[in-house]
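Okay, structure first, notes after.
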Amino acid sequence: MRRLFAVLLAAPLLMVPAAAPASAACARVPGDFNGDGFGDLAVGSPNRNDTVNGAPWEGAVNIAYGSAAGIGKGSLGSATYTGHRDIVGPGFDGSLRLGEALATGYFDGDCYADLAVSAASGSKFLLLYGSEWGLTTARATGMDRTDIQPDGEYGSGLSYDLAAGDFNGDGFDDIAAGAPLTDGKRGAVGVLYGSAAGISGTGSQWITQDSPGVPGAAEPDDIFGWSVAAGDFNGDGRDELVAGAPGETLGGKRDAGGIVVLPGSAAGVSTTASTWWDQDSPGVPGAVERYDQFGYVLATGDTGADGRDELIVSAHQEAIGSKTAAGAVQVFRGSTSGLVPGAMFSQDDAAIPGSSESGDYFGSALVLADLDRDGKRDLVIGVRGETAGSAQGTGAINVLFSAATGPVAAGSIYLDQNSAGVPGANESQDGFGWGLSRLANAYGGDALVVGVPDEKVTYASEGAVVILPGAAGRTRPAGFSLTGANFPGRASAESNFGWGLPS
């Protein structure tokens with residue numbers, strides 16, 4: 001979106017015992033790496049130069065632990081991991097772009113969340129396991145293309161996107177890794193399964209559009225697996241896997257895009273009964289058009305508090321009238337029979353603040369988080385190309401709060417860095433809203449994390465993240481920002497801190 005090395009720059013290496021079976025007492029807060037009930041912050045800086053061996057674009061992932069006092073203010077503080085070779089073994093020095101994509105899950109079934117970290121430039125990813133001391137390198141595991149790909153193809157882009165979900169319902173989260181550059185950009189998705197020992201290559205799957213039962217056919221430039229997501233859409237206790245193919249040509253229309261939904265089963269992800277959706281599918285608003293890139297970004301979560309997840313699909317280059325690449329977002333509702341098409345949103349909707357403009361890329365990032373504390377996840381939409389005043393490409397977000405029927409345009413809000421309570425200021429090409437993430441049980445409930453990877457702090461494109469706490473009644477407490485300078489190591493130019501955030 002592998003055999004990998006990591007250096008923990010914040011604290012000495014901690015040796016921890018193997019994972020224990022899950023306990024009924026576990027809170028299992030998403031992203032809670034030390035099991036204290038507070039979600040922890042993970043941020044990727046994929047273009048950062050390694051501070052240990054000086055490799056360009058080696059990348060890093062930064063962790064700030066949650067606590068009752070706030071993010072990074074507890075006893076564990078923060079940590080930085082790089083792709084240096086000393087921990088896991090040789091073969092990972094170089095330009096890995098570590099942290100371009102992140103996913104959290106409970107891969108070994110204990111009480112501590114774990115983290116998958118992409119290194120897609122090397123077709124690899126890193127697994128860091130949680131403990132009462134937080135993430136450690138003691139059980140760090142690298143997975144590469146040879147652990148899953150039948151032919152071990154280098155340059156597949158394995159882990160270009162990552163998603164965690166329990167596809168077989170056994171209580172251990174599994175990992176899906178998109179590999180969109182496989183076989184002439186036909187694309188593929190690898191699935192690896194969790195166990196008491198964590199993720200391994202045992203029983204792994206390699207799924208393409210030529211796999212039996214998968215709709216369509218593997219064609220050059222489809223980039224199947226560009227985006228991946230996991231969600232339980234029918235409430236059966238097993239997650240389904242969604243893979244985007246935003247480069248799919250349909251009816252001669254290049255880059256129209258589509259998605260494949262693959263059911264979960266007791267045996268894992270099933271290609272049987274998998275389904276295809278595009279903008280010509282029955283019930284889906286709009287129409288297949290050239291360059292829409294439907295399926296570019298995916299997000300899942302329960303917006304109706306009914307125990308079933310919804311799927312949100314971006315067509316970030318959707319033309320709105322004559323405005324090219326203005327962008328639109330499609331909602332699919334969960335039901336006992338699976339996904340049902342719902343509303344499509346754009347900034348052309350009168351109730352959504354802002355207006356559709358060429359190059360806005362409305363839908364360039366998506367996340368679902370309960371920001372008004374009503375038990376239903378709200379839809380946050382990144383608009384990374386938004387121009388505000390003279391600040392071209394400064395970026396913005398739209399927040400659509402959810403009713404019983406899911407996200408609605410009425411009452412939605414618009415935020416940029418000139419909005420009250422949002423730190424920073426609108427500047428050209430900041431990319432506010434490039435990435436979005438949910439921070440669970442922080443500041444009394446969900447908080448929103450907004451990536452600003454081209455923010456100039458001390459250096460050009462040093463990057464930042466803005467954290468915006470939620471609150472009951474849709475009030476908005478003031479937010480705050482963090483940069484690479486708040487973490488062990490150093491901040492640097494062009495590091496793009498905030499590019500990678502957990503899906």
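A few remarks follow.
- Rounded to 0.05, the FRET efficiency of the Ala471 and Asp151 pair, given R0 = 56 Å and the Cβ-Cβ distance, is 0.65.
- Ala267-Ala409 FRET efficiency (beta carbon distance; Förster radius 45 Å; 0.05 resolution): 0.65
- Between Ala197 and Thr275, the simple spin-label model (points 7 angstrom out along Cα→Cβ) gives 3.8 nm.
- Estimated inter-spin distance, Ala305 and Ala69, nm [label 7 Å along Cα→Cβ]: 3.4 nm
- Computed 3J(HN,Hα) for the stretch 438-454, one whole-Hz value per residue from the Karplus formula 6.51 cos²θ - 1.76 cosθ + 1.60 where θ = phi - 60°, is 9, 10, 7, 6, 10, 6, x, x, 5, 10, 9, 10, 10, x, 10, x, 9, glycine and proline marked x.
- Solvent-accessible surface of the chain, averaged per residue with a 1.4 angstrom probe and all protein chains in place: 33 square angstrom.
- Computed label-point distance, nm, for sites Tyr291 and Ser355 using a 7 Å Cα→Cβ extension: 2.1 nm
- Using the Karplus relation 6.51 cos²θ - 1.76 cosθ + 1.60 with θ = phi - 60°, the per-residue 3J(HN,Hα) values for the stretch 133-147 come to 9, x, 5, 10, 8, 4, 10, 4, 10, x, 10, 10, 4, 6, 7 Hz, with x marking Gly and Pro.
- The Glu132 and Ser322 beta-carbon pair, evaluated with R₀ = 45 Å, returns a calculated FRET efficiency of approximately 0.20.
- From the coordinates of this entry, Cα Rg over 2.2 N^0.38 Å is computed, and it appears in (i) 0.88; (ii) 0.95; (iii) 1.14 under the label (i).
- Put simply, when 333-340, 158-165 are sorted by average Cβ atoms within 10 angstrom per residue, most first, you get 158-165, 333-340.
- Extension gain from Ala420 to Asp210, taking 0.36 nm per residue of separation minus the Cα-Cα distance: 70.6 nm
- Amide H contacts under 5 Å for Gly169, placed H, 5+ residues apart: Asp239
- Protein accessible area in the chain, 1.4 Å probe - carbon and sulfur %: 51 percent
- Across the stretch 189-199, rounded Karplus estimates of 3J(HN,Hα) from the backbone phi angles (6.51 cos²θ - 1.76 cosθ + 1.60, θ = phi - 60°) give 10, x, 10, 10, 9, x, 6, 4, 8, x, 6 Hz, Gly and Pro being marked x.
- One Cα centroid belongs to the stretch 460-503, the other to the stretch 302-320; the line between them spans 24 Å.
- Lys pairs, the chain - Cα-Cα below 25 angstrom, 8 or more residues apart or on other chains: 4
The values are calculated or read from the model by the stated rules, or taken from the named source; none is laboratory data. Just so it is clear, the model here is predicted, and its values are computed rather than measured. Heads up, the Cβs are rebuilt from the backbone with ideal geometry, glycines too, and the neighbour counts pull from every protein chain shown. Quick note on the areas: whole protein, heavy atoms, side chains included, nothing else; ligands and nucleic acids left out. Shrake-Rupley method; radii C 1.70, N 1.55, O 1.52, S 1.80 Å.
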